[in-house]
Amino acid sequence: MSRRKPSPSSELFSESQALKPLAERMRPRVLDEIVGQQRLLGPDAPLRRSIEAGHVHSMILWGPPGCGKTTLALLLAKYANARFRAISAVLSGLADVRAALAEAEVSFAQGERSVLFVDEVHRFNKAQQDAFLPHIEKGVILFVGATTENPSFELNSALLSRCRVHVMDAVSVDAIVAALKRALGDSERGLGEKHLLIGDDALALIAQAADGDVRRALTLLEIADDVAKDNCIEEATLTQVLADRTRRFDKGGEQFYDQISALHKSVRSSDADAALYWCTRMLDGGVDPAYLARRLTRMAIEDIGLADPRALQIALEAWDTFERLGSPEGELALAEVAIYLAIAAKSNAAYAAFGEVQSVIRETGTLDVPLHLRNAPTKLMKGLGYGKEYRYDHDVEGGIAFDQQCLPDALAGREFYQPTERGLEGRIREKLHSIRAARAQAQAKKGEGG
């Protein structure tokens, strides 16, 4: 099998190229220059072998910003000797899509393949996504869509069925440091001619601040170079450059839902340290604290339940505290709730019982209320037996009329709520078992005519 190994461009480093940002100048020209994607592009990876053989297929590249999606699309075209055309779903409409496809049709008729790269493809609606389908099927285009969102939710099934989804990872700190060192040593495209003085610890700080984004790391290095004194990037310089860095967090996307899921499951797993981490991580990323307070309250209801009824009260009080104090002072109250919920006794018995009753209601429909439980404000209703033989529990010895049936006849004897033995619910369990046993005995006796 012959492999195509294009060499780096031999073009002179022109003035126009010098005006490009460092991240663009250092964009990898061959697969070996891509950092941090060994799983997909390592020497023996199937995708790597396919690309080098020129056997390129339509695909969706799913990964965080700065992981190399655009670069990989460019190299796909290069290794396949195909034309490269890029459009952005943020900036382009259906007219732009049609123009790109028409251009690809002309190239296809002339025997030339085209790689059509669609950035932020998840932002296209269904009609726009459908426009690509016949051209993918006929081989007019090699479609490469890039997305930071979960394709399962954001792309229609027809498009997904015609493409392979490749998941790209956030780039590790070590891999980003390697990319930074390459830029520092490259005299043609990078900063090699400047002979910058910067230590490994400083490079690691930049890589950590980049948060998995190679493009961001190179931009930070370029800014540091701009403000450096005597070609030396010192700690004070980095402090200034990195002061306003933020972590990856999409308030409405995959990152958002992954992190709230991690918080909820950490609470459920009674891992207070993880719960505190994810709560703080979301606050740090810019989540709406009111949303976080609402979700924490939901956790108190769903996962702690009656094992510790105080959890709901504490969650509501923290929510109220945040509304009074605002950010950042009120955020500590939410963090405290996350810790408390994690260490509290857990029970989803009430949650499960509620779901079971909902299911029963859907199955059984509108069952009649037993006559003795119905209100009888008129003579007609009394004459029809409404309220007849109802027993007022407070007048009964012990305060409970055990022989009185309160469920509809079709559900008599059903037990929905099954309390656990954890926390306060253990005491509720004992009380409930006692009541249920006494009620079963009394109603059995009543049924015998006793």
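Could you pull out the residue among Asp174, Asp226 that is over 16 Å from Val35 (Cα atoms) and surrounded by fewer than 20 Cβ atoms within 10 Å (Cβ to Cβ)? Before you say what the answer is, go through the steps one by one.
Values: Asp174 fails: over 16 Å from Val35 (Cα atoms).
Only one candidate qualifies: Asp226.
Just to verify a result, which residue in the range 285-298, among those that are hydrophobic (A, V, I, L, M, F, W, C) and closer than 12 Å to Ala318 by Cβ, is nearest to the chain's Cα centre (by Cα)? Before you say what the answer is, go through the steps one by one.
Filtering the range 285-298 for residues hydrophobic (A, V, I, L, M, F, W, C) gives 287, 290, 292-293, 296.
Now restrict to residues that are closer than 12 Å to Ala318 by Cβ: 290, 292-293, 296.
Working: Ala290: 18, Leu292: 15, Ala293: 18, Leu296: 17 Å.
The residue in question is Leu292.
Looking at (1) of a type outside the set (Ser, Thr, Tyr); (2) assigned to a helix (DSSP H, G or I); (3) more than 30 Å from Ser270 (Cα to Cα), can you tell me which one Gln405 breaks?
Going through (1) of a type outside the set (Ser, Thr, Tyr); (2) assigned to a helix (DSSP H, G or I); (3) more than 30 Å from Ser270 (Cα to Cα) one by one, Gln405 breaks only (2).
I need the full set of residues from the range 121-139 which are out of contact with any strand residue (DSSP E or B) (no Cβ under 6 Å at 6 or more places or on another chain) and surrounded by fewer than 21 Cβ atoms within 10 Å (Cβ to Cβ), in order please. Even if it seems obvious, please write down each step before you answer.
In the first step, residues of the range 121-139 are kept if they are out of contact with any strand residue (DSSP E or B) (no Cβ under 6 Å at 6 or more places or on another chain); the result is 123-131, 133-134, 137-139.
Scanning the range 121-139 gives Arg123, Asn125, Lys126, Ala127, Gln128, Asp130, Ala131, Leu133, Pro134, Glu137, Lys138, Gly139.
For the range 369-391, state whether one or more residues are under 47 Å from the mean Cα position of the chain (by Cα) and farther than 30 Å from Ile343 by Cα. Full working, then the answer.
Here is the first cut: in the range 369-391, the residues under 47 Å from the mean Cα position of the chain (by Cα) are 369.
This time we only want the ones that are farther than 30 Å from Ile343 by Cα, so: 369.
Within the range 369-391, one or more residues are under 47 Å from the mean Cα position of the chain (by Cα) and farther than 30 Å from Ile343 by Cα.
When you check Leu31 against the structure, is it aliphatic (A, V, I, L, M), over 23 Å from Arg189 (Cβ atoms) and in contact with a Leu (Cβ under 6 Å, 6 or more places away or on another chain), yes or no?
On the way: aliphatic (A, V, I, L, M): yes; over 23 Å from Arg189 (Cβ atoms): no; in contact with a Leu (Cβ under 6 Å, 6 or more places away or on another chain): yes.
Considered against the rule, which asks whether it is aliphatic (A, V, I, L, M), over 23 Å from Arg189 (Cβ atoms) and in contact with a Leu (Cβ under 6 Å, 6 or more places away or on another chain), Leu31 comes out as no.
Taking the stated definitions as given, is Glu329 among the acidic types (Asp, Glu), closer than 26 Å to Asp273 by Cβ, out of contact with any Pro (no Cβ under 7 Å at 6 or more places or on another chain) and not assigned by TED's automatic domain parsing to the domain that holds Gly423? Lay out the reasoning, then the answer.
Values: among the acidic types (Asp, Glu): yes; closer than 26 Å to Asp273 by Cβ: yes; out of contact with any Pro (no Cβ under 7 Å at 6 or more places or on another chain): yes; not assigned by TED's automatic domain parsing to the domain that holds Gly423: yes.
Yes: the conditions hold for Glu329.
Please specify each residue of the range 380-402 satisfying the condition of being outside any loop (DSSP other than H, G, I, E, B) and either touching a residue at least 60 places away in the same chain (Cβ under 8 Å) or exposed (fewer than 12 other Cβ atoms within 10 Å of the Cβ) (or both). Can you show your working first?
First, the residues of the range 380-402 that are outside any loop (DSSP other than H, G, I, E, B): 380-383, 393-395, 397-399.
If the condition is that a residue be outside any loop (DSSP other than H, G, I, E, B) and either touching a residue at least 60 places away in the same chain (Cβ under 8 Å) or exposed (fewer than 12 other Cβ atoms within 10 Å of the Cβ) (or both), then Leu380, Gly383, His394, Asp395, Glu397, Gly398, Gly399 are the ones that fit.
Given the residues Leu142, Leu180, which is the only one that is surrounded by 15 or more Cβ atoms within 10 Å (Cβ to Cβ) and part of a helix (DSSP H, G or I)?
On the way: Leu142 fails: part of a helix (DSSP H, G or I).
The unique qualifying residue is Leu180.
Going through the range 34-46 one residue at a time, which ones are under 23 Å from Arg215 (Cα atoms) and either among the aliphatic types (A, V, I, L, M) or in contact (Cβ under 8 Å) with a residue 12 or more places away in the chain (or both)? Please lay out each step first, then the result.
Step one: of the range 34-46, the residues under 23 Å from Arg215 (Cα atoms) are 34-42.
Hits for the range 34-46 are Ile34, Val35, Gly36, Gln37, Arg39, Leu40, Leu41.
Within the range 147-154, identify whether any single residue is at pLDDT 90 or above, not in a helix (DSSP H, G or I) and not polar (S, T, N, Q), and answer yes or no. Show your work before the answer.
Narrowing the range 147-154 to residues at pLDDT 90 or above: 147.
Checking the rest, the ones that are also not in a helix (DSSP H, G or I) come to 147.
Now restrict to residues that are not polar (S, T, N, Q): none.
No: zero hits.
Name the pairs whose Cβ atoms lie under 7 Å apart, with the first residue in the range 71-89 and free of Cβ contacts under 8 Å to residues at least 40 places away in the same chain and of a type in the set (S, T, N, Q), the second in a strand (DSSP E or B) and crowded, with 20+ Cβ neighbours inside 10 Å, and 6 or more positions between them or separate chains?
Ser88/Asp119
Can you spot a residue in the range 413-436 that is part of a loop (DSSP other than H, G, I, E, B), under 30 Å from Ile304 (Cβ atoms) and without any contact (Cβ under 8 Å) to a residue 12 or more places away in the chain?
Initial filter on the range 413-436 (part of a loop (DSSP other than H, G, I, E, B)): 413-424.
Subsequent filtering for residues that are under 30 Å from Ile304 (Cβ atoms) retains 413-424.
Still in the list and also without any contact (Cβ under 8 Å) to a residue 12 or more places away in the chain: 421.
Within the range 413-436 (the criterion being part of a loop (DSSP other than H, G, I, E, B), under 30 Å from Ile304 (Cβ atoms) and without any contact (Cβ under 8 Å) to a residue 12 or more places away in the chain), the answer is yes, since at least one residue qualifies.
Please go through the range 93-120 and pick out each residue that is touching a residue at least 24 places away in the same chain (Cβ under 8 Å), closer than 24 Å to Asn156 by Cα and surrounded by 17 or more Cβ atoms within 10 Å (Cβ to Cβ).
Val97, Leu101, Ala104, Ser114, Val115, Leu116, Phe117, Val118, Asp119, Glu120
Could you list all residues from the range 155-165 that are surrounded by fewer than 20 Cβ atoms within 10 Å (Cβ to Cβ) and assigned to a helix (DSSP H, G or I)? Can you show your working first?
First, pick out the residues of the range 155-165 that are surrounded by fewer than 20 Cβ atoms within 10 Å (Cβ to Cβ): 156-158, 160-162, 164-165.
The answer is Ser157, Ala158, Leu160, Ser161.
Let me confirm something: among Val30, Val118, which residue is outside the structural domain of Arg162 (by TED's automatic domain parsing), among the hydrophobic types (A, V, I, L, M, F, W, C) and at pLDDT 90 or above?
Val30 is the lone residue from the list that is outside the structural domain of Arg162 (by TED's automatic domain parsing), among the hydrophobic types (A, V, I, L, M, F, W, C) and at pLDDT 90 or above.
Within the range 86-102, is even one residue within 28 Å of the chain's Cα centre (by Cα) and among the polar types (S, T, N, Q)?
Within the range 86-102, one or more residues are within 28 Å of the chain's Cα centre (by Cα) and among the polar types (S, T, N, Q).
Restricting to helices (runs of 4 or more DSSP H) lying wholly in the range 198-245: which have 3 or more residues that are within 31 Å of the chain's Cα centre (by Cα) and closer than 20 Å to Asp186 by Cα?
On the way: elements: 200-210, 214-227, 235-241.
Counting at least 3 such residues, we get 200-210, 214-227.
The values are calculated or read from the model by the stated rules, or taken from the named source; none is laboratory data. Fair warning: this is a prediction, and the values are worked out from it, not measured in the lab. Backbone-built Cβ (ideal geometry, glycine too); neighbour counts: all protein chains shown.
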